[in-house]
Amino acid sequence: MRATILYGPGDVRCEEVAEPKILKPTDAIIRLSATCICGSDLWPYRGANEVTAPLAMGHEYCGIVEEVGSAVRTVRPGQFVVGSFCLSDNTCPHCRFGFQSSCEQREFMTGAQAPLARIPLADGTLVATAELPADDLIPSLLATSDVLGTGWYAAFAAGVQEGSTAAVVGDGAVGLMGVLAAKHMGAARIIAMSRHKTRQDLALEFGATDIVSERGDDGVARIKELTDGVGAEAVLECVGTQEAMTQAMNCARPGGRIGFVGVPHGVQLDGQKLFFAQKSLLGGPAPVRRFLPDLMDLVLDRTINPGKVFDLELPLADVAEGYRAMDERRAIKTLLRV
């Protein structure tokens, strides 16, 4: 089969690889209905993460179960399933506490930009639908695998509540999903920070009430102006850079919460400033499995349509163009048909 392999910065190829096999009794093999490129895939593509060996790319996936290991009990061949980018047993103490992304057996999904994928820890990772979904729901179901679940976790970690004010730092796919999540959780005011018209428009469609195009100190000042000098109760940091984290910290009011889900690159925090800021921080890799059943239900009953975040669709053979388009910000998120 043909799959996506990253060899180094800017060097991503669709090439022949061996089909995945069952390696452990807890594995499943799925035939993907669709896959996609994640914003976090751009870190190694841009050279921000060192690539020392060819990488099998892709960690967002949904599709039909082809084969299961002898120990798998909760899914069976022929079922449509969605799984988290964090693989978990869903039974360890951390999983039972709702943090499957810190599972004692945690693995991170790889190799999903392909027609077939091996899913370790299938019982704890995969969630099946009652019947095969309509084709037009596939993009939204795919989004639940990571980008929607991560945006949802950002809003949860930031403590978005009914009637609250939320600010979203980052207008990539995760930030836009954070806007959608904050709207669903009842935020009365959602301030999306974005300089790009297409992303601003989608943020407004997903529920943003205000757009702030300024960054840094000017962006913080604008949010303070919009909140009568107070700041936001909930701030979603969806980028992972020092500038974004500093902006998120400074946008939050005293007693506010910052949910940070952008993979940190060069982020440092000053302990004394944290002490006197009196703001809460919760983040990390999203425990998507915690939210997955509910998010899939919201998609299946058409309450939400996160699939709109995919503004470029390509065949897997053209995956290199998908990476270029996202790197150059010509696309928010690329859907790959396999």
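The values are calculated or read from the model by the stated rules, or taken from the named source; none is laboratory data. These numbers come from a predicted model, not from an experiment. Cβ: placed from backbone, ideal geometry, glycine included. Neighbour counts: every protein chain shown. Ligands, DNA and RNA are excluded from the accessible area calculation, which covers all protein heavy atoms including side chains. Shrake-Rupley method; radii C 1.70, N 1.55, O 1.52, S 1.80 Å.
For a straight C-alpha distance cut-off of 25 angstrom, the lysines reachable from Lys333 (same-chain residues fewer than eight places away being disregarded) are Lys183, Lys197, Lys308. Restricting attention to the chain, close to 55% of DSSP beta bridges with both partner residues there are antiparallel. The angle between the Cα long axis of helix 197-206 and the longest principal axis of the Cα atoms of the chain comes to about 90 degrees, rounded to the nearest 10.
Between Ala128 and Tyr7, the simple spin-label model (points 7 angstrom out along Cα→Cβ) gives 4.1 nm. Between Gly231, Pro254, Met109, the Cα set farthest toward the positive side of the dipole of the chain (charges on each charged residue's Cβ, about the Cα centre) is that of Pro254.
With a/c under 1.5 counting as rounded, go ahead and sort the range 14-102 into rounded, prolate or oblate using the C-alpha gyration tensor (a ≥ b ≥ c being the square roots of the eigenvalues; past the cut-off, prolate if a/b is larger than b/c, else oblate). It is oblate, given that a/c is not under 1.5 and a/b is not larger than b/c.
Using the Cβ of Ser164 as centre and a radius below 11 Å, the other residues enclosed give a net charge of +1, where K and R count +1 and D and E count -1.
When both the range 120-153 and the range 242-300 are represented by their alpha-carbon centers, they are found 23 Å apart.
Going by alpha carbons, how many degrees (0 to 90, nearest 10) lie between the helix axis of 173-184 and the longest principal axis of the chain? Approximately 70 degrees, to the nearest ten.
Taking the C-alpha atoms only, the angle from helix 242-251 to the longest principal axis of the chain is near 50 degrees.
Here the accessible area of the range 177-304 is 48 percent carbon and sulfur, with a 1.4 angstrom probe and all protein chains present.
One decimal place: the segment Gln105-Glu243 gains 46.3 nm when fully extended, by the rule 0.36 nm per residue minus the C-alpha distance. Accessible area per residue for the chain is 42 Å², calculated with a 1.4 Å probe on protein heavy atoms, without ligands, DNA or RNA. Look at where the Cα atoms of the range 316-330 and of the range 16-92 average out, and the two centres are 21 Å apart.
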